[in-house]
Amino acid sequence: MRTFTILNMKGGVGKTTTAINLAYLLATEYQRRVLLIDADPQANATHALLPNGEWAGLAGLLGGYATVYDEVVVSTDLPGLDVIPASDDLWNLDLKERAGDGLLHGTANVLRDLRDAAMEDDAYDVIVIDCPPNFSAACVSAINAANSIIIPVLPDAFSAAGMGSLTMQIDGVRKIHPDVRVSGCLITQWHRADVVEDATAYLRENSPVPVFHTVIRRTDKVLESTWVREPVQVWSPFSSAARDYRAWVKELVEKEGLGCV
């Protein structure tokens with residue numbers, strides 16, 4: 001079983017869209033049994049894949065209110081795709097941790113323990129974890145559970161100039177989980193413009209980790225899909241971003257040796 005953690009300390013780079021598309025495509029086109037864990041208290045992945053509801057979710061595991069992972073797993077309408085939802089209770093857990101009341105003692109290994117239990121049960125082939133843009137308790141736990149990190153990045157001057165920051169992020173990740181491997185940076189919201197092409201070339205030449213060959217093109221269809229609360233693969237399967245995500249998942253599957261069933 002493989003665990004991919006989608007991570008970038010910068011917001012607005014496409015982490016959730018990448019996590020949703022990866023989980024959706026692995027389940028539907030590659031017939032893998034996929035668990036998507038929403039570790040972001042904004043819960044955007046949860047809202048995209050599940051109806052409105054009251055979920056114990058990840059906060060239940062981290063807070064100790066649920067003791068086994070299948071108590072908080074919610075099945076989607078898609079065969080092979082389950083979700084552990086997020087909620088704003090994750091904010092509350094972080095606030096309590098900062099207050100020093102000891103509630104979250106030991107949470108760093110919760111998702112790694114979940115991964116090991118799911119592997120022992122032969123419950124899933126792949127776990128995908130969508131992280132918030134900060135080193136929260138949920139994010140640290142997600143890093144500890146990862147086999148590979150995927151880092152979405154924008155092709156802009158800030159990303160190009162921020163390669164040192166990215167290197168620091170990766171070093172910070174490895175302080176938490178020394179054996180973790182960064183599968184690569186995924187360039188998102190790409191469009192044809194000199195500044196974008198210059199930034200893309202700079203990232204490919206200077207990135208401290210591999211950069212995926214596939215780029216995800218910018219399209220309003222991704223924004224539209226958030227309003228209807230559907231993956232862009234469902235809302236607009238022939239849009240540029242949907243096609244790019246299919247090409248990227250194919251690249252990832254080949255690179256990581258995931259194969260088909």
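The values are calculated or read from the model by the stated rules, or taken from the named source; none is laboratory data. Source: prediction; values computed, not measured. Every residue, glycine among them, receives a Cβ derived from its backbone with ideal geometry; neighbour counts consider all protein chains shown. Protein only, heavy atoms only, side chains kept; ligands, DNA and RNA dropped before computing areas. Shrake-Rupley method; radii C 1.70, N 1.55, O 1.52, S 1.80 Å.
With of a type in the set (Gly, Ala, Ser), over 21 Å from the mean Cα position of the chain (by Cα) and at pLDDT below 90 as the only criterion, which of ALA99, ALA56 stands out?
ALA99
Working carefully through the options LYS10, LYS15, find the one that is of a type in the set (Lys, Arg), open to solvent by less than 50 Å² (accessible area, probe 1.4 Å) and more than 18 Å from ALA118 (Cβ to Cβ).
LYS15
Is it the case that TYR65 is at pLDDT 90 or above, aromatic (Phe, Trp, Tyr), open to solvent by 10 Å² or more (accessible area, probe 1.4 Å) and not in a helix (DSSP H, G or I)?
Against the criterion (at pLDDT 90 or above, aromatic (Phe, Trp, Tyr), open to solvent by 10 Å² or more (accessible area, probe 1.4 Å) and not in a helix (DSSP H, G or I)), TYR65 does not qualify.
Of (1) farther than 20 Å from ASP244 by Cβ; (2) within 18 Å of the chain's Cα centre (by Cα); (3) in a helix (DSSP H, G or I); (4) not basic (Lys, Arg), THR3 satisfies all except one. Which?
Unmet for THR3, out of (1) farther than 20 Å from ASP244 by Cβ; (2) within 18 Å of the chain's Cα centre (by Cα); (3) in a helix (DSSP H, G or I); (4) not basic (Lys, Arg): (3).
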